[in-house]
1. Quick one: count up the residues across region A:1-37 that are open to solvent by 100 Å² or more (accessible area, probe 1.4 Å) and either in contact with a helix residue (DSSP H, G or I) (Cβ under 8 Å, 6 or more places away or on another chain) or among the β-branched types (Val, Ile, Thr) (or both).
2. Can you report the number of residues in region B:67-77 which are open to solvent by less than 40 Å² (accessible area, probe 1.4 Å) and assigned to a helix (DSSP H, G or I)?
3. Can you confirm whether B:VAL90 is closer than 25 Å to A:LEU48 by Cα, among the β-branched types (Val, Ile, Thr) and out of contact with any Ser or Thr (no Cβ under 6 Å at 6 or more places or on another chain)?
4. Determine which single condition B:TYR93 fails, assuming it passes every other condition in (1) within 19 Å of A:LEU37 (Cα to Cα); (2) in contact (Cβ under 8 Å) with a residue 24 or more places away in the chain; (3) open to solvent by less than 60 Å² (accessible area, probe 1.4 Å).
5. Got a number for residues in region B:17-32 being surrounded by 13 or more Cβ atoms within 10 Å (Cβ to Cβ), without any contact (Cβ under 8 Å) to a residue 60 or more places away in the chain and over 14 Å from B:HIS92 (Cβ atoms)?
6. Go through region A:59-71 and give me each residue that's assigned to a helix (DSSP H, G or I), more than 9 Å from chain B (Cβ to nearest Cβ) and either surrounded by 13 or more Cβ atoms within 10 Å (Cβ to Cβ) or within 16 Å of the chain's Cα centre (by Cα) (or both).
7. Conditions first: (1) surrounded by 12 or more Cβ atoms within 10 Å (Cβ to Cβ); (2) small (Gly, Ala, Ser); (3) over 24 Å from A:ILE29 (Cβ atoms). A:ALA54 passes all but one, so which condition is the exception?
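The values are calculated or read from the model by the stated rules, or taken from the named source; none is laboratory data. Because the structure is predicted, anything quoted here is derived from the model rather than measured. Quick reminder, even Gly has a Cβ in these numbers, built from the backbone with ideal geometry, and neighbours come from all protein chains shown. Side chains are part of the model used for accessible areas, which takes the heavy atoms of the whole protein and leaves out ligands, DNA and RNA. Shrake-Rupley method; radii C 1.70, N 1.55, O 1.52, S 1.80 Å.
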Amino acid sequence: MKAMRTPLRTVRGLGAAHEGTGHFWITRISGVALIPLSLFAVGLAFSLIGRNHAEVLAVLGRPVVAVPLILFVVIGAEHMRLGIQESIMDYIHGDLLKVVVLMLNTAFCLLLAAAAVFSLLLIAFGA
Amino acid sequence: MSQPTATHARPVSPHLTVYRWRPTMAMSIAHRITGIALYFGMLLVVAWLVAAASGPAWFERADWLLGSWFGILVLVGFTWALFHHLFGGVRHYIWDTGVGMGKETSTRLAWLTLAASLVSTALTWAIYVIWF
């Protein structure tokens, strides 16, 4: 089939809504990143069971631990936001309620990411 | 003008309840439910990090809560939800390439998702219990 789009439009891949497959694509991309990151988080969590506060801080403050953990929480928060946004749009039909719940979803995910990143930096830089 | 009277119930669009249950349906719903569970589970992860950053007293409280029988139960469920959602995601990646959507293969993949999540969860906790 002959492409009716200009090459630039094809490259941007956004379609008529100027949004295109972004939601789908970012869900997939973040999901791929979360496979190793979440396995890392699980392994870390198990390795920290039974450790005292000082030991836990020492581990969490190391760059090799803090960096993947920050990526896990930030990418995880975006993956969560996109997934729950889809569920909200499936099940909530009232316009006002839908907008309010979508805002709460975004706020929740931003709050989790910010709280986790701030806490990890606080631990790493030794408060 | 008189209003038309309905003498028969109007036909309604068939919904989920009219279909026979299939493993693919169950795993599709499980994918969404585990996703929602992980959404709130992340609150626990972040709360634990905030507690660790807030000093020993808060850390002790979080540790006590997670170490209780209820905490362990939640963590086992969390582990399973994570593995199930992870394998469910891999299943979607397989489908994204255009393969595995046939009747038999998709059903097999659905069972495989469940089996892999259960085995991984059991294995993870078994390794922990045996080694630590």
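1. Count: 1.
2. Count: 2.
3. No, not satisfied.
4. (2)
5. Number satisfying all stated conditions: 1.
6. A:VAL59, A:VAL65, A:ALA66, A:VAL67, A:PRO68, A:ILE70, A:LEU71
7. Of (1) surrounded by 12 or more Cβ atoms within 10 Å (Cβ to Cβ); (2) small (Gly, Ala, Ser); (3) over 24 Å from A:ILE29 (Cβ atoms), only one is false for A:ALA54: (1).
Residues are listed down the side, and each one gets a yes or a no for (1) part of a helix (DSSP H, G or I); (2) more than 30 Å from A:LEU60 (Cα to Cα); (3) over 24 Å from the mean Cα position of the chain (by Cα); (4) within 11 Å of chain A (Cβ to nearest Cβ):
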{"site": "B:ARG20", "(1), (2), (3), (4)": "no, yes, no, no"}
{"site": "B:GLY41", "(1), (2), (3), (4)": "yes, no, no, yes"}
{"site": "B:VAL46", "(1), (2), (3), (4)": "yes, no, no, yes"}
{"site": "B:TRP58", "(1), (2), (3), (4)": "yes, no, yes, yes"}
{"site": "B:LEU65", "(1), (2), (3), (4)": "yes, no, no, no"}
{"site": "B:THR79", "(1), (2), (3), (4)": "yes, no, no, yes"}
{"site": "B:LEU82", "(1), (2), (3), (4)": "yes, no, no, yes"}
{"site": "B:PHE87", "(1), (2), (3), (4)": "yes, no, no, yes"}
{"site": "B:ARG91", "(1), (2), (3), (4)": "yes, yes, no, no"}
